[in-house]
1. Within segment 158-182, how many residues are away from the ligand (no atom under 13 Å from the Cβ) and crowded, with 20+ Cβ neighbours inside 10 Å?
2. Within segment 214-232, work out how many residues are in contact with a strand residue (DSSP E or B) (Cβ under 7 Å, 6 or more places away or on another chain), within 15 Å of the ligand (Cβ to nearest atom) and either open to solvent by 20 Å² or more (accessible area, probe 1.4 Å) or closer than 20 Å to Val167 by Cβ (or both).
3. Select, from Arg194, Arg185, the only residue that is more than 30 Å from Ser68 (Cβ to Cβ), among the charged types (D, E, K, R), touching a helix residue (DSSP H, G or I) at 6+ places or on another chain (Cβ under 7 Å) and open to solvent by 50 Å² or more (accessible area, probe 1.4 Å).
4. Assuming Ala148 fulfils every condition listed in (1) in a helix (DSSP H, G or I); (2) crowded, with 21+ Cβ neighbours inside 10 Å apart from one, which condition is it?
5. For Ala202, only one of the following conditions fails: (1) in contact with a helix residue (DSSP H, G or I) (Cβ under 8 Å, 6 or more places away or on another chain); (2) within 15 Å of the ligand (Cβ to nearest atom); (3) in a helix (DSSP H, G or I); (4) not hydroxyl-bearing (Ser, Thr, Tyr). What is its number?
6. Would you check which residues across segment 113-123 are in contact with a helix residue (DSSP H, G or I) (Cβ under 6 Å, 6 or more places away or on another chain) and not basic (Lys, Arg) and list them?
7. Would you mind telling me which numbered condition in (1) at positive phi; (2) part of a helix (DSSP H, G or I) Ala19 fails?
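The values are calculated or read from the model by the stated rules, or taken from the named source; none is laboratory data. Since this is a predicted model, take the numbers as computed values, not measurements. Cβ: placed from backbone, ideal geometry, glycine included. Neighbour counts: every protein chain shown. To get the accessible areas, we keep the full protein, side chains included, count just its heavy atoms, and leave off ligands, DNA and RNA. Shrake-Rupley method; radii C 1.70, N 1.55, O 1.52, S 1.80 Å.
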Amino acid sequence: MKSQPVALVTGASSGLGEALAPLLAQKGYKVYGMSRREVALPGVTSLSCDVADKVAVEAAIRELTLQSGRLDLVMHCAGIGGGGPVEHMPLERARKIMDVNFWGTYMLCQECLPHLIAAPKGRLLIVGSIGGFMGIPFRAAYCASKGALQNLVESLRLETADTNLQVSLVTPGDMATNSFATQYRVPHEEVHERYRRRYVSADNGMRDHVGDGMAAGEVAQKMIDIAEKKSLNPQYIIGEFTQKISPIARRILPGKWWEKLLGSYYK
Ligand SMILES: NC(=O)c1ccc[n+]([C@@H]2O[C@H](COP(=O)([O-])OP(=O)(O)OC[C@H]3O[C@@H](n4cnc5c(N)ncnc54)[C@H](OP(=O)(O)O)[C@@H]3O)[C@@H](O)[C@H]2O)c1
C-alpha cells in the first residue's frame, strides 16, 4: 500500500503557515506544523522548534522522519520582520532577523534535503518577500535576510538539478497577519529627528498595507497550486499588480531612477 505523503509547514502557529497546514491535511498529507509555540490545528501534528537553533532543528526533523518515515513537501513560512533606521536598530535585533530568516532556512534545508531528495517528487517552497528584491528604508535587516534567500534558492536549484527535488522561492506581497503587530520596531521617539518624520510615515504605511493585505488563506492556496505543478519556476510573486512589477522595475531601471521612484514613496 502506498504510504501517505508527508508535509512540513513551518511557522504554523500563525498567519500563512497556520492557513496552509490544515489545507494540506485536507489534501491528504500527513502534516507536521513547526513553530516555537504549540500548534493546535485540525489534522496537524505539532512540532515545537526554534528554527534559529541548530540542535532543535536537527532534533525536530529527526523526530519527524522517525515517526513518518518520509518527507515529501516543505512549506517554509517561519520568519520575522523588524523595523527601524540602521543607525538605531539594536544589533541583536538585526542579527535575530538574519538568524531566523536566513540561517534558520539554511539549517532547515540541511536537515530536510536528504529526505526531500529521497522522496519521489520532493518539493521545497521557501517564503521570501517582495522586500527581498530591494532595499526598503527602515527595513534593512529584513530586506537583506529575504534577499539572501533568493541566492540561497538559486544555488539550491542548481545543486539539486539532477534530483527529483524542486525548490522555489515564493514571495508574497502584503498579507493581513499578525506579523507587523508582533515584530520589534525601534520606538518612534527613540530615533534621531533626521529620520523621525519619514520613519513614522513609513512605519504607519507598512502597518496599513499589511492590515489591508491579502488573506493568508488566499496565499496558502496559491502555494499549494504551485507545489502541485509539474515543473516549478525559480520564483513566484504573489501580490497585486504594482507589487508584482516592482521587482522587474528594480531590475531594469538604472539604479538612480529606481531610487527616485521608490524614494518618492518614502518622502
Ligand atoms: N505578512 C506579510 O505582509 C508578509 C509579506 C511578505 C512576506 N512575509 C513572510 O511570510 C512568512 C509568514 O509570515 P506571516 O505574515 O504569516 O507572519 P506571522 O503571522 O507573524 O507568523 C510567523 C510564523 O513564524 C514563526 N516563527 C517566528 N520565529 C520563529 C522561530 N525562531 N522558530 C520557529 N518559528 C518561528 C511564528 O511562530 P512562533 O512565534 O510560535 O515561533 C509564526 O508561526 C514570513 O516568512 C514573512 O516574512 C509576510
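1. Step one: filter segment 158-182 for residues away from the ligand (no atom under 13 Å from the Cβ), giving 158-168.
Right, trim to crowded, with 20+ Cβ neighbours inside 10 Å and you get 165-168.
Here the count works out to 4.
2. Qualifying residue count, segment 214-232: 5.
3. Details: Arg194 fails: touching a helix residue (DSSP H, G or I) at 6+ places or on another chain (Cβ under 7 Å).
Just a single option satisfies the conditions, and that option is Arg185.
4. The one condition Ala148 does not meet is (2).
5. The single condition Ala202 does not satisfy is (1).
6. To start, the set of residues in segment 113-123 that are in contact with a helix residue (DSSP H, G or I) (Cβ under 6 Å, 6 or more places away or on another chain) comprises 115, 122-123.
Within segment 113-123, His115, Gly122 meet the criteria.
7. (1)
Residue-by-condition table, conditions (1) open to solvent by less than 10 Å² (accessible area, probe 1.4 Å); (2) more than 8 Å from the ligand (Cβ to nearest atom); (3) of a type in the set (D, E, K, R); (4) touching a Ser or Thr at 6+ places or on another chain (Cβ under 9 Å):
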{"residue": "Lys54", "(1), (2), (3), (4)": "no, yes, yes, no"}
{"residue": "Ala59", "(1), (2), (3), (4)": "no, yes, no, no"}
{"residue": "Arg62", "(1), (2), (3), (4)": "no, yes, yes, no"}
{"residue": "Ser68", "(1), (2), (3), (4)": "no, yes, no, yes"}
{"residue": "Gly79", "(1), (2), (3), (4)": "no, no, no, yes"}
{"residue": "Gly83", "(1), (2), (3), (4)": "yes, yes, no, no"}
